[in-house]
Structure formats: structure tokens, C-alpha cells
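Worksheet: the structure to be examined is printed underneath.
The values are calculated or read from the model by the stated rules, or taken from the named source; none is laboratory data. Not measured: the values here are computed from a predicted model. Cβ atoms come from the backbone with ideal geometry, glycine included; neighbour counts cover every protein chain shown.
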Amino acid sequence: MSAPDVVDQHVAELARALRGPARTRRSMLREVRDGLRDAAAAHRCCGLDPQQAAVRAVHDFGPVPEVAQAFQTELVARQGRWAALLLLVAFPGMTLGWDLLWRSGGVAWHTTPAQPVSDVVVGLARAQDTAALLVSVIAVVLLAATFHRAASARRIAVLVGHTGVVGALFCAGIGVVMNVAVGPGAGDLIATNPFAIPAFGVSALVCALVVRSAVRTLRVACAPIVI
């Protein structure tokens, strides 16, 4: 096996062991490869032949199972950080967006004094806003925790993942229940408000992205290191 092959094989084994954000993972592996090649070059300057220099560089770097643990912890922390940031943007963003639409009249229920919006719908709307606020507060705490070296990256990532899944499904479910509770008024809302369908579509897309990010975070946090 040639000297470059020794380095490349070690990096390939490390790549198979790691799970996490693709960009961060590629950057880590690139730095490892460059570092091993620089170390091998230094050993060659000390008189070792290319093969021996590469083997010594790989040996000094450490076995994959040990090195992968440290790299995986950082990848889990990065994944949890990005997922928490998405929660912090998505939930307040959806709440603010819908508030602006209701206040501006871009989306509005067609009610009359004889048929006002029911207390059930108002209560569900408040529950949805409260849930979004709670998720946002939790996201702030968890996002700050991802920068704390003493905190468990895996535990934080798991909390972020569960918060995202539960929050998105709860808010989406409340939205569906609200429209069912309104009855025929939901159809009138969509038929008479040009912004209704785009607003519902964007909300559904955001919830889907949050769930996708949360599930990916849980997979990264719980994935075993496979050598």
C-alpha cells in the first residue's frame, strides 16, 4: 500500500464512522487528511521513507474508534445547534406571519354578529400561540447550551429533536382542529382570501422542515459509531 493510500484509507474509515451535518463532516475530514499529509511530510524530513512516514503519521493521530468519539461529539453538537436555531426562527416566524395576516385582513374569517368566531377556535388559537412561544423559549435555552462545553451534546440534541417533533406536530394538529371546528367557514376562508392557501402551504412546509430536521437530529444523536 502506498503512502497516500495509508492516509486515505484511515480517513475513509473515519468517514464511515461519523454521522452528522454533511458540510461540517466534509470539513473535518478534509482537515484530518491535510493534517496527516503534513505530519507524514514532517516524518519524511526526519529520514523516514514515504511509506513509513505515512504509517507513523496515522499511528500518531490515533485509532479510528478513539478519534471518532471526539469528532462525533462535535458533529452532534453542530447538528443540535442548527436544529435549535431552526426552531428559534420557525415558530416565532409562523406566529408573527399569521398575526400580520389576521391584523392586515389578508386572511380573515367571515363572521357576523349572529355567528362570531367560537370560543373553541379562540382557545385553540391561543393554545397554538402559547405552544409556539414555549418552543421558542426552549430553543433559546438549548441553543445556548450547545455552546457550553460541559453540557452533553447528545442529551441536548435529543431534547432539541423531541422539542421540534412535538412542537411541530402539536401546532399543525391545532391548526387542523381549528379548521374542522369552524366547519364551512374554513372553505369560505380559502375561497375568499387569496393569501389563505399560500399561508397554509408555507406553514405546512415549515412544520415539515422542522420535523425533518428534528428526526435527523435524533438519528445523529443516537447513531452508534460503526467502524
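Condition check: under 15 Å from the mean Cα position of the chain (by Cα), in a helix (DSSP H, G or I) and aliphatic (A, V, I, L, M). Does VAL135 satisfy that? Lay out the reasoning, then the answer.
Numbers: under 15 Å from the mean Cα position of the chain (by Cα): yes; in a helix (DSSP H, G or I): yes; aliphatic (A, V, I, L, M): yes.
Yes: the conditions hold for VAL135.
Selection of the range 138-157 for residues being surrounded by fewer than 18 Cβ atoms within 10 Å (Cβ to Cβ) and either of a type outside the set (D, E, K, R) or in a helix (DSSP H, G or I) (or both) yields VAL140, VAL141, ALA144, PHE147, HIS148, ALA150, ALA151, SER152, ARG154, ARG155. Restricting the range 45-57 to residues that are surrounded by fewer than 18 Cβ atoms within 10 Å (Cβ to Cβ) and either of a type outside the set (A, V, I, L, M) or at pLDDT 90 or above (or both), the residue that is farthest from THR24 (Cα to Cα) is GLY47. Against the test of being in a loop (DSSP other than H, G, I, E, B) and either closer than 27 Å to LEU218 by Cβ or free of Cβ contacts under 8 Å to residues at least 12 places away in the same chain (or both), the options LEU29, LEU48, LEU14 yield a single qualifying residue, LEU48. Among the residues of the range 58-65, at least one is over 30 Å from LEU218 (Cβ atoms), buried (at least 18 other Cβ atoms within 10 Å of the Cβ) and touching a residue at least 12 places away in the same chain (Cβ under 8 Å).
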